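Novice: Sharing a structure, written as C-alpha cells. Questions coming.
The values are calculated or read from the model by the stated rules, or taken from the named source; none is laboratory data. Everything numeric in this text was worked out from a predicted model, so none of it was measured. Neighbour counts are summed over all protein chains in view; Cβ atoms, including those assigned to glycine, are modelled from backbone coordinates with ideal geometry.
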Amino acid sequence: MPAKLPEIPIYQPDEEFRAPGLSQELGWGAEVIFLVVVGFLLLMGTTSAWKSLIDNISINFFAVILEALPFMLIGSLAGGLIEVFVPITLIDRAFRQRPIRAVFLAGGLGLLIPVCECAIVPVVRRLLGKGVPFSSAITFLLAGPIVNLIVLWSTAIAYSYFWPVVFIRLVCGYIIAVIIGLLFGLFFTHANGLHRDLFYTGQAACGCGSAHGTASELLVTRMRHALEHACEDFFAVGRYLVIGAFIASILRSTISLETFTDLMGSPWLAILIMMVMAVVLNLCSEADAFIAASFRDLLPGSAQMAFMVLGPMLDIKLLLMYLSVFRKRVIVSLCLTVPSLVFLVMLLLEYSNLI
C-alpha cells in the first residue's frame, strides 16, 4: 500500500492582502510615498523645463501598463480556472508523488499554459495553492514565459525564422529554470518560502466552500468562483505591477540606449550590459525578441540571448510582483542565482560558438 503523502503548507491569500515581509503601516507608507512622488512629477510636468521628461515618463509608464495588464488579466483568469477546475488529486499524481520528475515536467508546462511573465505570477500563486511543490512552482515561474509556443513564435518572427535562435532560447530557458528549481527545492519549502500570512496547512486550497467539489454544482456557479479568485489575484499582484512600471518608466526615460552601446568592448561586457537592459526595460517576453533582434549587427548572439533569457525571469516589475507570493529571502536568492547562471550559460554559448 503506498505511503500517505505528507501534508504541504498550502498558499492561501488573506481576505485583505498585505505586503509580505512588511508591516501594514509600512505598506501604507510606501503607497503614500508612491502617490506623493507621482503627484510631484505631475506638478513638475507643468513647467517647461521638465515637461519633456515628464511626458516621456508618462508615455513609458502607460506603455508598460498597457502591455502588461491584458496578459496579467489572462494569467489571473487562468489562475482562477486552475483553482476551481483542477482537482488536487491530479496535482498529487503529476507533481507531489515524484518531486524530481515534477521539476522537469514544470519546465515544459508553459507549452500547455502559454502565459508571458506579465501573467505568470497569478498562475503560480494558484498552483502553489493547489499543493504544487515549491521547486516545481519556481521552475514554472522561470521557464513558463520562455518555454512557451507564443513566445517561441514571436522569436521566430523577430529573427526571420532563423530556427537555431528559437531553439537555443527554448533550451537555455528550460535548463536554467530546471537547475534553479532543483536547487531551490533543497533549501525552500512552502513553510519557509511563502509568507506566513499567505498560506495555511491543509489539503484543500479553495476556501469558497465544499460546493466546489460537488458534481451537482452548476457550471455558472463554478465560473463565478473562478472569477472571484481571478479578481483577488489581479488586484493583489496589480499594485506591484503599477509601482514596478513606474520605476521602469523613470529608468527608461532617463537612461539612453547609447549609454549601453558605448560600453560594448568585449563579449562578456556585452552580455552584462544586455542583462542590465533586460532588467531595466521590463519588456514582455512576447515582444522582447524584436528588441534583441535590433542589435543583431551590433552585439554578439550571446548578448542578445542573455537579454531574451533573463528578462522574462527577472526584471523590476517581476521583482515587485514576486512580493505577492514569496518571502524576501526567496527573492534575494533569485536575484543572486538567476543572473549568475544566465551569465555563465551565455559565456558558454559565446566561447563554444553555438550562436
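Novice: Picking from 66, 73, which residue would you name as being out of contact with any Gly (no Cβ under 6 Å at 6 or more places or on another chain), surrounded by 15 or more Cβ atoms within 10 Å (Cβ to Cβ), within 30 Å of residue 124 (Cβ to Cβ) and at pLDDT 75 or above?
Specialist: One residue alone meets the criteria, 73.
Novice: Just to be sure, is residue 253 modelled with pLDDT of 75 or more and surrounded by 19 or more Cβ atoms within 10 Å (Cβ to Cβ)?
Specialist: No, not satisfied.
Novice: Just one of 183, 109 is surrounded by fewer than 17 Cβ atoms within 10 Å (Cβ to Cβ) and either modelled with pLDDT of 95 or more or touching a helix residue (DSSP H, G or I) at 6+ places or on another chain (Cβ under 8 Å) (or both); which is it?
Specialist: 183
Novice: Determine whether residue 112 is of a type outside the set (D, E, K, R), in contact with a strand residue (DSSP E or B) (Cβ under 6 Å, 6 or more places away or on another chain) and closer than 28 Å to residue 222 by Cα.
Specialist: no
Novice: Separate question: Kindly list the number of the only condition in (1) surrounded by fewer than 24 Cβ atoms within 10 Å (Cβ to Cβ); (2) under 13 Å from residue 193 (Cβ atoms) that fails for residue 135.
Specialist: Going through the list (1) surrounded by fewer than 24 Cβ atoms within 10 Å (Cβ to Cβ); (2) under 13 Å from residue 193 (Cβ atoms), residue 135 breaks only (1).
Novice: Can you go through 321, 308 and tell me which one is farther than 18 Å from residue 166 by Cβ and not acidic (Asp, Glu)?
Specialist: 321
Novice: Need the failing condition index for residue 312 against (1) in a helix (DSSP H, G or I); (2) surrounded by 23 or more Cβ atoms within 10 Å (Cβ to Cβ), just the number.
Specialist: Here residue 312 meets the rest and fails (1).
Novice: Now for a separate question. Given the residues 80, 39, 27, which is the only one that is in a helix (DSSP H, G or I) and modelled with pLDDT under 60?
Specialist: 27
Novice: Quick check: anything in segment 118-131 part of a helix (DSSP H, G or I), more than 16 Å from the chain's Cα centre (by Cα), closer than 23 Å to residue 339 by Cα and not β-branched (Val, Ile, Thr)?
Specialist: There is no residue in segment 118-131 that is part of a helix (DSSP H, G or I), more than 16 Å from the chain's Cα centre (by Cα), closer than 23 Å to residue 339 by Cα and not β-branched (Val, Ile, Thr).
Novice: Quick check on my filter: what residues within segment 317-337 are surrounded by fewer than 20 Cβ atoms within 10 Å (Cβ to Cβ), touching a helix residue (DSSP H, G or I) at 6+ places or on another chain (Cβ under 9 Å) and in contact (Cβ under 8 Å) with a residue 40 or more places away in the chain?
Specialist: Result: 319, 327, 329, 333, 337.
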